[in-house]
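What follows is one structure encoded as structure tokens, with my remarks underneath.
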Amino acid sequence: EAGVAQSPRYKIIEKRQSVAFWCNPISGHATLYWYQQILGQGPKLLIQFQNNGVVDDSQLPKDRFSAERLKGVDSTLKIQPAKLEDSAVYLCASSSEGISYEQYFGPGTRLTVT
Amino acid sequence: DQQVKQNSPSLSVQEGRISILNCDYTNSMFDYFLWYKKYPAEGPTFLISISSIKDKNEDGRFTVFLNKSAKHLSLHIVPSQPGDSAVYFCAASGDDKIIFGKGTRLHILP
């Protein structure tokens, strides 16, 4: 079974530039999550999708971050414009419906904002 | 406001001995507690879980203990092996979301 795929793996941008991350969850997983993990911290949920609808985006900085999950499969997370404090690893995870505590994570995208 | 706390940033254990990782939480409404393991440059991997209605769950070398009155859980790894060297995240689940602790880096010494 293929795991959660993410790209790119690494990205370096200057502040005020924009960036986009892509995620392909495990086939059949209805729920998709985007997390931000700052160095030395645990993953923090940014947004949760159930199929192509948003379940929770309460911690998403909506003035600069946006995410979509068209057709209930792949998802993209965008930052525009980026700030220095956005430097982090962005993790995508997916889970089966009804088993949200067992999430499968992708390798993450390490973003450096200079 | 940290709802899940791992107070030990790192832990070193001799190979073959028992590793004990600790975690405290504040919200009594969590229904599952979890441990995830993370190697460098990889995403976290689900390791073991325990329902809030149980006090122990065992899976091979890994055992998780839950003390609801103390709002405390622990992960025991015995015997510890070199491949266990990783960052371990304690997490709590409720309302279809997971809240993670900051992690504990476990070093298994030869």
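Any read-out appearing in this document is the output of simple, stated calculations on the displayed coordinates, not a laboratory observation. It should be emphasised that the depicted structure is a prediction, and the values quoted were computed from it without experimental measurement. Please note: Cβ atoms are built from the backbone with ideal geometry, for glycine as well, and neighbour counts cover all protein chains shown.
Basic side chains Lys and Arg get +1 at the Cβ, acidic Asp and Glu get -1 at the Cβ, and with that the dipole of chain A about its Cα centre reaches some 460 debye.
Distance from the Cα centroid of the range A:51-114 to that of the range B:2-48 is 23 Å (rounded to whole angstrom).
Counts of other chain beta carbons within 10 angstrom of each beta carbon in peptide B:40-52 average 4.
When each of A:62, B:38 is scored by the number of other beta-carbon atoms lying within 10 Å, the sequence from fewest to most is A:62, B:38.
Per-residue shielding of B:8-19, expressed as the average number of other chain Cβ atoms within 10 Å of the residue Cβ, stands at 0. Ranked by how many other Cβ atoms sit within 10 Å of their own Cβ, fewest first, the residues A:105, B:89 fall in the order A:105, B:89. Counts of other chain beta carbons within 10 angstrom of each beta carbon in peptide A:49-58 average 1. For the range A:93-114, list residues with backbone N below 17 Å from a point placed 7 Å from the Cα of residue A:14 toward its Cβ? Flagged as within label range: A:112-114. DSSP beta bridges fully contained in chain A are about 90 percent antiparallel.
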